[in-house]
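Data block below; observations after.
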Amino acid sequence: MSRKVVRSSKFRHVFGQAVKADQCYDDIRISQMTWDSNFCSVNPKFVAMIVDASGGGAFMVLPLSKTGRIDMSYPTVCGHTGPVLDIEFCPHNDNIIASGSEDCSVMIWEIPEGGLTSPLTDPVVKLEGHSKRVGILSWHPTAHNVLMSAGCDNVVILWNVARGDAVVRIDTVHTDLIYSACWNRDGSRILTSCKDKTLRVLDPRKGTVLYEKEKPHEGSRPVRAVFVSDGKILSTGFSRMSERQVALWDPKNFGEALTLQELDTSSGVLLPFFDPDTGVVYLCGKGDSSIRYFEVTDEAPYVHYLSMYSSKESQKGMGYMPKRGLEVNKCEIARFYKLHERKCEPIVMTVPRKSDLFQEDLYPDTVGPEPSAEADEWFEGKEAPPNLISLKDGFVATTKAKEFKVHKSLLKTTTASAGNQHDSSGEVQSLRKEVKDLKEALEELTTRVKELESKH
């Protein structure tokens, strides 16, 4: 009886490598906040990191090319009045980033081309609707200007960012602190994990629970979960003996896990990053010094351990580069931005190949930056499958980045108070009166100047 000793997979030999010291971002004081978010967000233009700030909260946004030592006086984005807990770049416009903070607000910022030259204190939009700190943010993957935020008030809000409106408010579902919240690939479902030891799959527009699983992991420490291919769910958590676990679930049959594996006895929460193009999931433990990666397939045991990238220093946070920002000609299939206490270090995951040609099997068409629906259309029920792009010639932006348009009339009163139309008309009248008064004052001054000039 012949048995295959080793499962064949093109990702068996994937290896991780840190870049050289001169390609790191040095002398950055990463935030000391004890909060289990990534603390870092990256796209093909910028890398953003939450930093220590005396009074209020701040994060730093650097152009990818600005490696080396970062000056202490480098400008930050510092408009929050409490520590920043989570940041995320918009997938459809590389210059837009959202931040959530202990001051209970979510702010949307526009980063100028080439990065900041002076501190940024005024957001493009401020979203207010949470009553406690906002620790989780996630942009809709395919609909333009839709943002999900989850706060310590156990509420999930879906915002139409351009209007500044909280369109959907899911406030009766979660009975305790929300540990994680994410979208599926086309943004038609939301997956949340919660301190009440329940995984929930929600319909985002209705805010209703479609499937739920109690106690995916027996332990009481935080659970993280992400959608993987075919609507399945991968979760990380702890056993009753505080051993770290990874499990795979089918929400249509939530009773029994497809697989549940124990990893080790570390105490850090495992942050999962799933790559739908390759089916590889990367687990980065907060406070670990390693990144484990697994391949998710259709054959048992479904989650196959590939390898581990190890280093000496532990990670405070982790950024994950979107596919279109990778170097295709070097067979790079993932790039992480690992936060140390005082620096950010890129780590490149590569499939060893001898050929220099484009490897089509490693790079199927992937999600591009073009959204497939506008916010209003999506909230009204339009489905939005992702717009795919080919990476064959390295990704080149053919269309101009989606401009971030905010309805100026609503900017002043972003907190969904568009109903007070009579207020705004009153405001307009008072402004008109002010302008009229100013004009009259200017005319008076002009005549006075003329008089004085004629005297001399």
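Observations on the structure shown:
- Sorting 72-81, 54-63 by their mean Cβ neighbour count within 10 Å, with the most densely packed peptide first, gives 54-63, 72-81.
- Taken one residue at a time, the phi angles of the range 245-255 give Karplus couplings (6.51, -1.76, 1.60, θ = phi - 60°) of 10, 10, 9, 10, 10, 10, x, 6, 9, 6, x Hz. Gly and Pro are set to x.
- Fraction of accessible area attributable to carbon and sulfur, the range 350-391 (%, probe 1.4 Å): 51 percent
- By the helix-only formula, in which each DSSP H run with n ≥ 4 contributes -39500 (n - 2.57) and the sum is divided by residues, the chain has a 222 nm mean residue ellipticity of -3000 deg cm²/dmol.
- The string of couplings for the range 338-349 from the Karplus curve (6.51, -1.76, 1.60, θ = phi - 60°) is 8, 8, 9, 5, 10, 7, 10, 10, x, 10, 9, 9 Hz, one whole number per residue in order, with x for Gly and Pro.
- Cα gyration tensor category, rounded, prolate or oblate, for the range 257-319 with a/c compared to 1.5: prolate
- Cα long-axis angle, helix 421-455 against the chain (0 to 90 degrees, to the nearest 10): 50 degrees
- Among 143-151, 123-131, sorting by the average number of other beta carbon atoms lying within 10 angstrom of each residue, highest first, gives 143-151, 123-131.
- In this structure, the amide hydrogen of Thr259, modeled 1.01 Å from its nitrogen in the peptide plane, lies closer than 5 angstrom to those of Leu248, counting only residues at least 5 positions away or on a different chain.
- Solvent-accessible area of Tyr363 with every protein chain in place, 1.4 Å probe, in Å² to the nearest 10: 10 Å²
- Near Ser105, the amide H atoms lying under 5 Å from its own belong to Val134; only residues 5 or more places off or on other chains count, and H is placed 1.01 Å from N.
- In sequence order, the range 94-101 has phi-based couplings of 5, 9, 10, 9, 10, 9, x, 9 Hz under the Karplus curve 6.51 cos²θ - 1.76 cosθ + 1.60, θ = phi - 60°, and Gly or Pro positions carry x.
- Backbone amide hydrogens, once placed in the peptide plane, bring Tyr211 within less than 5 Å of Val201, excluding anything fewer than 5 places away on its chain.
- Taking a ≥ b ≥ c as the square roots of the eigenvalues of the alpha-carbon gyration tensor, the range 223-369 is classed oblate because a/c is 1.5 or more while a/b is no larger than b/c.
- Peptide packing for 429-436, 220-227, 135-142, 14-21 was compared via the average number of neighbouring C-beta atoms within 10 Å per residue; ordered from the highest value, the list is 135-142, 220-227, 14-21, 429-436.
- The range 171-293 - Debye-derived log10 I(q)/I(0), Cα point model, q = 0.09, 0.10, 0.17, 0.20 Å⁻¹: -0.22, -0.28, -0.82, -1.15
- Accessible carbon and sulfur surface of the range 76-168 relative to its total accessible area, %, 1.4 Å: 46 percent
- Violating pairs (Cα-Cα greater than 19 angstrom) within the set Lys20/Lys312; Lys45/Lys66; Lys66/Lys316; Lys10/Lys330; Lys45/Lys323: Lys66/Lys316
- Our summary gives the chain a relative contact order of 15 percent, counting only alpha carbon pairs under 8 angstrom and 6 or more residues apart.
- Prolate/oblate/rounded label for the range 1-149 (Cα gyration tensor, a/c 1.5): prolate
- Binned Cα-Cα distances of the chain, short to long, each 10 Å bin given as a whole percent: 4, 19, 29, 26, 11, 5, 3, 2, 1, 0, 0, 0
- Label separation (Glu453 vs Gln261): 8.3 nm, computed from points 7 Å beyond Cα along the C-beta direction.
- The listed residues Leu388, Leu210, Leu263 rank as Leu388, Leu210, Leu263 when sorted by accessible area, largest first, using a 1.4 Å probe.
- Accessible surface, per residue, of the chain when the full set of protein chains is kept, probe 1.4 Å, Å²: 48 Å²
The values are calculated or read from the model by the stated rules, or taken from the named source; none is laboratory data. The structure displayed is predicted, hence computed values, not measured ones. Virtual Cβ from ideal backbone geometry, glycine too; neighbours counted across all protein chains shown. All accessible areas refer to the heavy atoms of the entire protein, side chains included, with ligands and DNA or RNA removed. Shrake-Rupley method; radii C 1.70, N 1.55, O 1.52, S 1.80 Å.
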